[in-house]
Amino acid sequence: MDRAYEYLGKAAELGHVPAMEKVAFAYLYGNHLRQNIDASKEMFERLAMLGSPRGQLVMVDVAFSYVSAVLVIVSVCC
């Protein structure tokens, strides 16, 4: 883990929104931190609840992707 992300992680744990955003994206893409989709999702959910536009946008994108995948499965199988 990069030293900077060690400090960002501590700030994120304390609720610092910009740090949370950086850590959430780092977990999502595996940049600077080991990829952890579950931790990324949890942090983006928390960000969305705190009113972060980035957190809300990612959660909308996740929901849209899920609905799109369901529609594809339904159209293929039924």
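A few points about this structure:
- Count of residues meeting criterion [of a type in the set (Gly, Ala, Ser), exposed (fewer than 13 other Cβ atoms within 10 Å of the Cβ) and at pLDDT below 90] in the stretch 29-65: 2
- The residues in the stretch 2-13 that are farther than 15 Å from Ala39 by Cα, in contact (Cβ under 8 Å) with a residue 24 or more places away in the chain and surrounded by 11 or more Cβ atoms within 10 Å (Cβ to Cβ) can be counted, and the count is 1.
- Answer residue from the stretch 14-28, given it is out of contact with any Leu (no Cβ under 8 Å at 6 or more places or on another chain) and modelled with pLDDT of 95 or more and is surrounded by the most Cβ atoms within 10 Å (Cβ to Cβ) among those: His16
The values are calculated or read from the model by the stated rules, or taken from the named source; none is laboratory data. No experiment lies behind these values; they were computed from the predicted model shown. As a convention, Cβ positions derive from the backbone with ideal geometry for all residues, glycine included, and neighbour counts pool all protein chains shown.
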